[in-house]
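Step one of this worksheet: look at the structure below.
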Amino acid sequence: DQKHKVMQDFLDNEINIIVSTTVIEVGVDNPQATFMLIRNAERFGLAQLHQLRGRIGRSDLDSICILQSDTKDELALTRLRTLCKNDDGFALAEEDLRLRGPGDFFGTKQHGLPQFKLVNLYEDQELMNSVDKFFKEIIRDDPNLRKVENRNIVKAIKQRYPELLSGMIL
């Protein structure tokens, strides 16, 4: 197909420039690739920008990645500055989580704050691990949540996440 031919031509140095969507994010390994311009960079998370940037500079040749953005949003600019100062993917993912929030685990939002009220998913890992262990014990003991002591759990799930229960009997 055309995409594969273009990629092969790029690898074979038959063409020197590719204008692409984020499809370039993975699977491209051309040591000769030395320049990338990411337009509207504020629209991407740090992890994705890091992946894109990683497509260039895979040899001893000097390379440059330019992040273009017209945004005035201070949070977006902070994310872009963070990327410019850091090349550790794990640290960037943690910072992205801290800055943008985890999104909606049970929906389609990929950033922002979830419905949780008391827990900071970035800072409260120990608490989250305890809660995870606690609920795994409940499910192991009462997989269908039929016991009297688990009725409030079922009630809370039905109230907050009714879309998760379609087709389920609780």
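Tabulated data for the structure shown
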item: Residue in region 23-40 that is surrounded by fewer than 12 Cβ atoms within 10 Å (Cβ to Cβ), modelled with pLDDT under 90 and of a type in the set (Val, Ile, Thr) present; result: yes
item: Counted residues, region 70-91 - those being more than 28 Å from residue 31 (Cβ to Cβ) and among the small types (Gly, Ala, Ser); result: 1
item: Yes/no for residue 29 being under 19 Å from residue 87 (Cβ atoms) and acidic (Asp, Glu); result: yes
item: Scope region 70-88; condition assigned to a helix (DSSP H, G or I) and among the acidic types (Asp, Glu); matching residues; result: 74
item: Residue, farthest from residue 94 (Cα to Cα), within region 1-60, restricted to residues that are of a type in the set (Lys, Arg) and in a helix (DSSP H, G or I); result: 5
item: Those residues of region 34-60 which are among the acidic types (Asp, Glu) and in contact (Cβ under 8 Å) with a residue 24 or more places away in the chain, in sequence order; result: 42
item: Filtered residues of region 134-151 (kept if of a type outside the set (Asp, Glu), in a helix (DSSP H, G or I), over 32 Å from the mean Cα position of the chain (by Cα) and surrounded by 10 or more Cβ atoms within 10 Å (Cβ to Cβ)); result: 150, 151
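The values are calculated or read from the model by the stated rules, or taken from the named source; none is laboratory data. Keep in mind it's a predicted model, so treat the numbers as computed, not measured. Heads up, the Cβs are rebuilt from the backbone with ideal geometry, glycines too, and the neighbour counts pull from every protein chain shown.
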